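A.B. asks: Input: one structure, supplied below.
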Amino acid sequence: MLQKATAEAKSNIAFIKYWGNRDAAQRVPLNDSISMNLDHATTTTTVEFDARLNEDQIVLGDAEAQDAAARRVVAQLDRVRARAKTETKTRVESRNSFPTGVGIASSASGFAALTLAATRAISLELNERELSILARQASGSACRSIPAGFVEWIAGSSSAESYAVSIAPPEHWDLRDVIAIVSAEEKRVGSTAGHAVAATSPFLAARVSALPPRFHRVRRAVLAKDLTLLGPALEEDAIELHLIAMTSRPPIFYWTPGMVRVIQAMQRWRADGLAVYFTLDAGPNVHLICESKDADQVATLARAMPDVQRVIVNAPGGAARIVEETPENRTLTNADEH
Ligand code: PMV
């Protein structure tokens, strides 16, 4: 029997950020978060269980995975093997639709696609919630790349209670994330390391206790498709994530001069009447959030800036799903249809 499956998953951008864990080993976060899947940031992963293999073979992009990256993938395969009660090794091939080395986080889409492909290949019947929980254990934000569109991650207080659900499908709101790729001047510190030191910031506790009203504002804004309500809240939250990072011990500084110049330019565009707001990830790129009617203009303005290497425009993306390829046709099945 062929124990092989291919899955694809979208990356996501958080409007309310996940930063800091209640349980680091299980990646149970301190706070609820909200995100939008990105339709132009896809990871496609094939997993094949093969009894002839002595160890997992993992190819990410065009190269064999090394060291920490390989260990993280194997750890997730081990979780799947433990559930399936098998010791069979795998062949894994994973590819991103977006360019690597430009600071777009691939762990969310990567671990969501890996989790779905591996569980399907070994015939584990997991529903969307179980997939989200399992993906979360590999990379927190990956749990939000399992459901479709606009997604809420319920923090919960234990692993079994911590998972993501869709609050609105992709077609609910024609929002855009225009990613301005800014040249990275410093090497990125991984988010796992960031979560680990977040509690050393004297401001983390203040953030977590003050967050619920902002979370509900963002949730309401998404449901009501109200950009003027969403925009200020998502800017506040992005700044706060970086405030925590910068005041952690040791401090983590993701900001670069180019990034600040893009944010300041965007503030001028907004003062001139363009409805656009920014958010940031744990990296130097600026995510410009606007409605589809303004996306061309925002992209053109961003592209014209010397600090911007390239621009990637994303609409809301769908759920993680199995890609079934037969010689005659290629059909797509939703993650939660099995
Ligand atoms: O899932 P991780 O461990 O890569 O953490 C993601 C952290 C941020 O991208 C900065 C915020 C978020 O909620 O996605």
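A.B. asks: Please report the accessible area of His287 (heavy atoms, 1.4 Å probe, ligands and nucleic acids excluded) in Å², nearest 10.
C.D. replies: Near enough 10 Å² of accessible area.
A.B. asks: Let me check I've understood the local charge: for Asn21, count other residues with C-beta under 12 angstrom from its C-beta, Lys and Arg +1, Asp and Glu -1. What total comes out?
C.D. replies: So the surrounding residues net to +2.
A.B. asks: Between Ala69 and Ser158, what is the label-point separation in nm under the 7 Å Cα-to-beta-carbon projection?
C.D. replies: Going by the 7 Å Cα→Cβ label model, 3.7 nm.
A.B. asks: Cut-off 10 angstrom, C-alpha nodes, Gaussian network model of the chain. Which of Leu114, Leu227, Leu280 fluctuates the most?
C.D. replies: Judging by the Gaussian network model, the answer is Leu227.
A.B. asks: Okay, next question. Can you list the residues of segment 16-42 with backbone N under 15 Å from a point 7 Å past the Cα of Ile167, pointing along Cα to Cβ?
C.D. replies: Flagged as within label range: 16-18, 31-37.
A.B. asks: If you don't mind, another one. Could you list which residues have their amide H under 5 Å from that of Asn21, counting only those 5 or more apart in sequence or on another chain, with H placed in the peptide plane?
C.D. replies: Residues meeting the criterion, in which the H sits 1.01 Å from N, are Leu30.
A.B. asks: For a quick check: with amide H placed at 1.01 Å from N, whose amide H comes under 5 Å from Asn285's, ignoring anything fewer than 5 positions away on the same chain?
C.D. replies: Long-range HN contacts for Asn285: Val182.
A.B. asks: Given 20 °C and 1.002 mPa s, how large is the Stokes-Einstein diffusion coefficient of segment 115-170 in µm²/s, with Rh as the Kirkwood radius over Cα pairs?
C.D. replies: Numbers: Rh = 11.3 Å.
Here the translational diffusion coefficient equals 190 µm²/s.
A.B. asks: Within 10 Å, at most 13 other Cβ atoms, and a DSSP state outside H, G, I, E, B define an exposed site. Report the longest part of the chain free of exposed GluC sites (Glu not before Pro).
C.D. replies: Numbers: sites that count: Glu55, Glu87, Glu125, Glu185, Glu186, Glu328.
Free of exposed loop sites, the longest segment is 187-327.
A.B. asks: Ala210 to Arg83: FRET efficiency via 1/(1 + (r/R0)^6), r the Cβ-Cβ distance, R0 45 Å, to the nearest 0.05?
C.D. replies: 0.75
A.B. asks: Per-residue HN-Hα couplings for segment 292-300, Karplus 6.51 cos²θ - 1.76 cosθ + 1.60 at θ = phi - 60°, whole Hz, x for Gly and Pro?
C.D. replies: So the Karplus estimates, Gly and Pro as x, are 4, 5, 9, 5, 4, 5, 4, 5, 5 Hz.
A.B. asks: Give the accessible surface of the chain per residue, rounded to a whole number of Å², with probe radius 1.4 Å and ligands, DNA and RNA excluded.
C.D. replies: That works out to 43 Å² per residue.
A.B. asks: Counting residues in segment 60-183 as N, plug N into 2.2 N^0.38 Å and put the Cα Rg over that result.
C.D. replies: Scaled against compact globular proteins, the figure is 1.12.
A.B. asks: Now for a different question. In terms of Cα to Cα distance under 16 Å, which aspartates and glutamates are near enough to Lys17, apart from those fewer than 8 places away along the same chain?
C.D. replies: Asp32, Glu152, Asp177, Glu235, Glu236, Asp237, Glu240, Asp281
A.B. asks: Separate question: Lysines near Lys293 by alpha-carbon distance under 18 Å, same-chain residues fewer than 8 away left out - which ones?
C.D. replies: By straight Cα distance, Lys293 reaches Lys225.
A.B. asks: Additional query: Given 10 °C and 1.306 mPa s, how large is the Stokes-Einstein diffusion coefficient of the chain in µm²/s, with Rh as the Kirkwood radius over Cα pairs?
C.D. replies: 79
A.B. asks: Taking all protein chains together and a probe of 1.4 Å, list Phe253, Phe203, Phe15 from the most accessible to the least accessible.
C.D. replies: Largest accessible area first, the list is Phe253, Phe203, Phe15.
A.B. asks: Using only Cα atoms, what Kirkwood radius does segment 143-223 have, in angstroms?
C.D. replies: Computed over Cα pairs of segment 143-223, the Kirkwood hydrodynamic radius comes out at 15.7 Å.
A.B. asks: Please give the length that would be gained between Leu229 and His40 if that part of the chain were fully extended, namely 0.36 nm times their separation in residues minus their C-alpha to C-alpha distance (nm, one decimal).
C.D. replies: Computed gain between Leu229 and His40 is 65.5 nm.
A.B. asks: Grab the DSSP H runs of the chain that are 4 residues or longer, score each as -39,500 (n - 2.57), total them, divide by all residues and round the 222 nm result to the nearest 500 deg cm²/dmol.
C.D. replies: -11500 deg cm²/dmol
A.B. asks: May I ask which residue of Asn37, Ile252, Ser132 lies farthest towards the positive end of the charge dipole of the chain, with charges of +1 (Lys, Arg) and -1 (Asp, Glu) on Cβ and the Cα centre as origin?
C.D. replies: Ile252
A.B. asks: Here's something else I'd like to know. Over the chain, what is the relative contact order in whole percent, taking alpha-carbon pairs under 8 Å and six or more residues apart? All intermediate terms of the calculation are to be shown ahead of the outcome.
C.D. replies: Details: 770 pairs, mean separation 82.0, N = 338.
Reported as a whole number, the value is 24 percent.
A.B. asks: OK, next. What whole number of Å gives the distance from the Cα centroid of segment 141-181 to the Cα centroid of segment 194-236?
C.D. replies: Computed from Cα coordinates, the inter-centre distance equals 15 Å.
A.B. asks: Let me ask something additional. For segment 42-52, in order, what is each residue's ³J(HN,Hα) by Karplus, 6.51 cos²θ - 1.76 cosθ + 1.60 with θ = phi - 60°, in whole Hz (x at glycine and Pro)?
C.D. replies: Per-residue couplings from phi come out as 10, 10, 10, 10, 10, 10, 10, 7, 9, 4, 7 Hz.
A.B. asks: How many Å³ per residue does the convex hull of the Cα positions in segment 1-116 occupy?
C.D. replies: Dividing the Cα hull volume of segment 1-116 by its residues yields 126 Å³.
The values are calculated or read from the model by the stated rules, or taken from the named source; none is laboratory data. Keep in mind the model is a prediction, meaning the values are calculated, not measured. Because the Cβ atoms are built from the backbone with ideal geometry, glycine has one as well, and the counts that use them run over all protein chains shown. To get the accessible areas, we keep the full protein, side chains included, count just its heavy atoms, and leave off ligands, DNA and RNA. Shrake-Rupley method; radii C 1.70, N 1.55, O 1.52, S 1.80 Å.
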